[in-house]
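The values are calculated or read from the model by the stated rules, or taken from the named source; none is laboratory data. Every value quoted in this text rests on a predicted model; they were computed, and no experiment measured them. Note: ideal-geometry Cβ built from the backbone for every residue, glycine included; neighbour counts use all protein chains shown. Ligands, DNA and RNA are excluded from the accessible area calculation, which covers all protein heavy atoms including side chains. Shrake-Rupley method; radii C 1.70, N 1.55, O 1.52, S 1.80 Å.
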Amino acid sequence: MIEKRKPLPVKEALKKVMSFATVGDIEQVSLQESFGRYLAEDLIATHPVPPFDRSPYDGFAIRAHDSANAKADQPVEFEVIDEIGAGSVSKESLGQNQAIRIMTGAQMPCGSDAVVMLELTKVYKKDNIVYMSIKRPFHKGDNVSFKGEDTPEGSVLVKKGTCITPGTIALLATFGYEKVQVVRQPRIGIIATGSELLEVGEPLEPGKIRNSNSFMIEAQAKRAGARPIYLGKLADDFETCYKAVVDALEEVDILLTTGGVSVGDYDYLPDIYQRLGANVLFNKIAMRPGSVTTVAEYNGKLLFGLSGNPSACYVGFELFVRPIVRHYLYSSRPHLQKVTAILGKDFLKPNPFTRFVRGSFQLIDGQVIASPVGLDKSNVVSSLADANVFIVLPGGTRGYKTGDMIDLLLFEDQLGSDTHWAESFK
Ligand SMILES: Nc1nc2c(c(=O)[nH]1)N[C@H]1C(S)=C(S)[C@@H](COP(=O)(O)OP(=O)(O)OC[C@H]3O[C@@H](n4cnc5c(N)ncnc54)[C@H](O)[C@@H]3O)O[C@H]1N2
Ligand code: MOO
Ligand SMILES: [Mg+2]
């Protein structure tokens, strides 16, 4: 008898998968290797920044009240008693009408409380002593960059579970992190199945196509923050595929397969899960593409049986694998960010199942307008290159018209969301 699968609503499927989410261990990497990794601990300011009052300009440090009577026709004169560049600290302390020549970034000298920019001064020598004069008064604190004004000691600057950006690297360096505590990346094993699959370098042959899915999901895994391990492409042979899955589970945290997951004679993944004794969470989801996406759990590890059809495979990864990866990396925002947009093109196909149409969005006059790109078919590959969002068209509808308000899921965005985008779905 042909198996009849019962489609699970997307929301339920996602909830089931997330209930098996795990978190990674911590490892240490060098500061320079930390770009793109996820922080395993909050980044806290261990000292104030700047750590001392300093000059933001090249000029002269003065005592502001000495300049109180300076006027255009009545300049006030200061004796220049020292000169300091950034990195040097003056041993002098300012007395009445004394100034110290100071460079950008140098620590404010003792007794000084304002800086006069070089351009506003006249510098001259009398009896081999250097003087400078100014023609207007300055106030206490003028042109001083105060200790802690950038960030006070103890503030949480970046939360754990955040992707390390160039800006985070600047902060890590500021606070002396030669080594950074990051979350170990989940090792994602990737197996492509299909007797029709050729290597990328092979010429086409009748009935065959090149394997594209495994390379696509390797890149998706990297974008999500994981470490993909390509375990090869296999012919549709039960024993070969079974052994590959068993071996893979020894060395990876998460296993992805593509293809062989539907009801065809050579779709062996369902039988593999059965022989393994894995707990199959679901084998059909009420969505298009990717309805065949199957997820199983074995000894706490998740096995994602992604569709062989490229678009379905892509969608299956972003909707179900990505949040698992982000959760593993301690993210408090593991979900895809959802935004409301205006549909830029008619989409008149009726939707028995919720559709995740590959689309792209533009900002036009402050409005988010999204349109489908390429053919909306599960087996197409050409729509994927230009897509930066999924246009979500809920099931049970008769199609959508230009101008309708729709939801988008942003998969190129790194910020993510702390709320489950499917929460509001049927
Ligand atoms: N009788 C039914 N047939 C099908 C159903 C169904 O419900 N009843 N579902 C259809 C849907 S929906 C999808 S999606 C596909 C899923 O098929 P599988 O996941 O089992 O994948 P395969 O059969 O192995 O391959 C499907 C398709 O994708 C191509 N493919 C496979 N691997 C790759 C790869 N690595 N790179 C590029 N392309 C790949 C493969 O050649 C096939 O054309 O099943 C429908 N059928
Ligand atoms: O899983 Mo299939 O995408 O619904 O084409
Ligand atoms: Mg199949």
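Between a first residue in region 364-381 that is touching a residue at least 24 places away in the same chain (Cβ under 8 Å) and a second residue that is among the hydroxyl-bearing types (Ser, Thr, Tyr) and part of a strand (DSSP E or B), which pairs have beta carbons less than 9 Å apart while being 6 or more apart in sequence or on different chains?
Correct list of pairs: Val368/Thr340; Ala370/Ser360; Ser371/Ser360; Pro372/Ser360.
If I filter region 196-208 for residues that are surrounded by 18 or more Cβ atoms within 10 Å (Cβ to Cβ) and within 16 Å of ligand 3 (Cβ to nearest atom), do I get at least one hit?
yes
Can you spot a residue in region 162-171 that is surrounded by 16 or more Cβ atoms within 10 Å (Cβ to Cβ), touching a strand residue (DSSP E or B) at 6+ places or on another chain (Cβ under 9 Å), part of a loop (DSSP other than H, G, I, E, B) and touching a residue at least 60 places away in the same chain (Cβ under 8 Å)?
yes
Only residues that are within 16 Å of Thr340 (Cβ to Cβ) and in a strand (DSSP E or B): list them for region 371-405, please.
Those that are within 16 Å of Thr340 (Cβ to Cβ) and in a strand (DSSP E or B): Ser371, Val389, Phe390, Ile391, Val392, Leu393, Tyr400, Met405.
Can you spot a residue in region 278-285 that is in contact (Cβ under 8 Å) with a residue 40 or more places away in the chain, within 16 Å of ligand 3 (Cβ to nearest atom), surrounded by 16 or more Cβ atoms within 10 Å (Cβ to Cβ) and not in a strand (DSSP E or B)?
Yes; the residues of region 278-285 include at least one that is in contact (Cβ under 8 Å) with a residue 40 or more places away in the chain, within 16 Å of ligand 3 (Cβ to nearest atom), surrounded by 16 or more Cβ atoms within 10 Å (Cβ to Cβ) and not in a strand (DSSP E or B).
Does region 108-124 contain at least one residue that is basic (Lys, Arg) and touching a Ser or Thr at 6+ places or on another chain (Cβ under 6 Å)?
Checked region 108-124: at least one residue is basic (Lys, Arg) and touching a Ser or Thr at 6+ places or on another chain (Cβ under 6 Å).
When you go through Gly305, Gly316, Gly290 one by one, which is the residue that is closer than 23 Å to Ser383 by Cβ, without any contact (Cβ under 8 Å) to a residue 40 or more places away in the chain, within 13 Å of ligand 2 (Cβ to nearest atom) and open to solvent by less than 20 Å² (accessible area, probe 1.4 Å)?
Details: Gly305 fails: without any contact (Cβ under 8 Å) to a residue 40 or more places away in the chain; Gly290 fails: without any contact (Cβ under 8 Å) to a residue 40 or more places away in the chain.
Gly316 is the lone residue from the list that is closer than 23 Å to Ser383 by Cβ, without any contact (Cβ under 8 Å) to a residue 40 or more places away in the chain, within 13 Å of ligand 2 (Cβ to nearest atom) and open to solvent by less than 20 Å² (accessible area, probe 1.4 Å).
Collect the residues in region 73-87 that are over 18 Å from Arg136 (Cβ atoms), open to solvent by less than 70 Å² (accessible area, probe 1.4 Å) and assigned to a strand (DSSP E or B), keeping them in residue-number order.
If the condition is that a residue be over 18 Å from Arg136 (Cβ atoms), open to solvent by less than 70 Å² (accessible area, probe 1.4 Å) and assigned to a strand (DSSP E or B), then Glu79, Val80, Ile81, Asp82, Ile84 are the ones that fit.
Which is within 30 Å of His327 (Cβ to Cβ) and of a type in the set (A, V, I, L, M), of Leu118, Leu94, Leu43?
Working: Leu118 fails: within 30 Å of His327 (Cβ to Cβ); Leu94 fails: within 30 Å of His327 (Cβ to Cβ).
Selected residue: Leu43, the only one of Leu118, Leu94, Leu43 that is within 30 Å of His327 (Cβ to Cβ) and of a type in the set (A, V, I, L, M).
So in region 338-365, with the set limited to residues that are open to solvent by 10 Å² or more (accessible area, probe 1.4 Å) and either within 14 Å of ligand 1 (Cβ to nearest atom) or within 30 Å of Ile191 (Cβ to Cβ) (or both), which one is modelled with the lowest pLDDT?
So the first thing to find is which residues in region 338-365 are open to solvent by 10 Å² or more (accessible area, probe 1.4 Å), and the list is 338-340, 342, 344-350, 352-355, 360-365.
Those left that are additionally either within 14 Å of ligand 1 (Cβ to nearest atom) or within 30 Å of Ile191 (Cβ to Cβ) (or both): 352-355.
Numbers: Pro352: 87, Phe353: 92, Thr354: 94, Arg355: 95.
Applying the filter and picking the extreme gives Pro352.
Sort out which residues of region 99-143 are among the polar types (S, T, N, Q) and either touching a residue at least 24 places away in the same chain (Cβ under 8 Å) or not assigned by TED's automatic domain parsing to the domain that holds Phe78 (or both), and write them in order of number. Show your work before the answer.
Filtering region 99-143 for residues among the polar types (S, T, N, Q) gives 104, 107, 112, 121, 128, 133, 143.
The answer is Thr104, Gln107, Ser112, Thr121, Ser133, Asn143.
Taking the conditions exactly as written (surrounded by fewer than 19 Cβ atoms within 10 Å (Cβ to Cβ), part of a helix (DSSP H, G or I) and aliphatic (A, V, I, L, M)), does Val246 satisfy them or not?
Numbers: surrounded by fewer than 19 Cβ atoms within 10 Å (Cβ to Cβ): yes; part of a helix (DSSP H, G or I): yes; aliphatic (A, V, I, L, M): yes.
So Val246 passes the test.
Mind checking which residues of region 256-277 are more than 7 Å from ligand 1 (Cβ to nearest atom) and surrounded by fewer than 22 Cβ atoms within 10 Å (Cβ to Cβ)? Step through it out loud before you land on a result.
Of region 256-277, the ones more than 7 Å from ligand 1 (Cβ to nearest atom) are 256-257, 265-266, 268-277.
Those that are more than 7 Å from ligand 1 (Cβ to nearest atom) and surrounded by fewer than 22 Cβ atoms within 10 Å (Cβ to Cβ): Asp265, Tyr266, Pro270, Asp271, Gln274, Arg275, Leu276, Gly277.
If I ask for residues that are polar (S, T, N, Q) and more than 16 Å from ligand 2 (Cβ to nearest atom), which ones from region 213-228 would you list?
Looking only at region 213-228, we keep the residues that are polar (S, T, N, Q), and these are 213-214, 220.
Once the filter is applied, which keeps residues that are polar (S, T, N, Q) and more than 16 Å from ligand 2 (Cβ to nearest atom), region 213-228 yields Ser214, Gln220.
When you look at Tyr268, is it near ligand 3 (Cβ under 10 Å from one of its atoms) and either closer than 25 Å to Arg210 by Cβ or more than 27 Å from the chain's Cα centre (by Cα) (or both), yes or no?
Values: near ligand 3 (Cβ under 10 Å from one of its atoms): yes; either closer than 25 Å to Arg210 by Cβ or more than 27 Å from the chain's Cα centre (by Cα) (or both): yes.
Yes; evaluated as a whole, the condition is true for this residue.
For the subset of region 322-370 comprising residues that are among the aromatic types (Phe, Trp, Tyr) and not in a loop (DSSP other than H, G, I, E, B), which member is nearest to Cys163 (Cα to Cα)? So that I can check it myself, show each step before the final result.
The initial filter retains those residues of region 322-370 that are among the aromatic types (Phe, Trp, Tyr), namely 328, 330, 347, 353, 356, 361.
Pick out the ones that are also not in a loop (DSSP other than H, G, I, E, B) and you get 328, 347, 356, 361.
Details: Tyr328: 12, Phe347: 36, Phe356: 26, Phe361: 24 Å.
Across region 322-370, the extreme among qualifying residues is Tyr328.
Looking only at region 374-386, count every residue that is in contact with a Pro (Cβ under 9 Å, 6 or more places away or on another chain) and open to solvent by less than 70 Å² (accessible area, probe 1.4 Å) and tell me the total.
Result for region 374-386: 5.
Using the structure shown, decide if Pro310 is within 16 Å of ligand 2 (Cβ to nearest atom) and assigned by TED's automatic domain parsing to the domain that holds Asn283.
Details: within 16 Å of ligand 2 (Cβ to nearest atom): yes; assigned by TED's automatic domain parsing to the domain that holds Asn283: yes.
So Pro310 passes the test.
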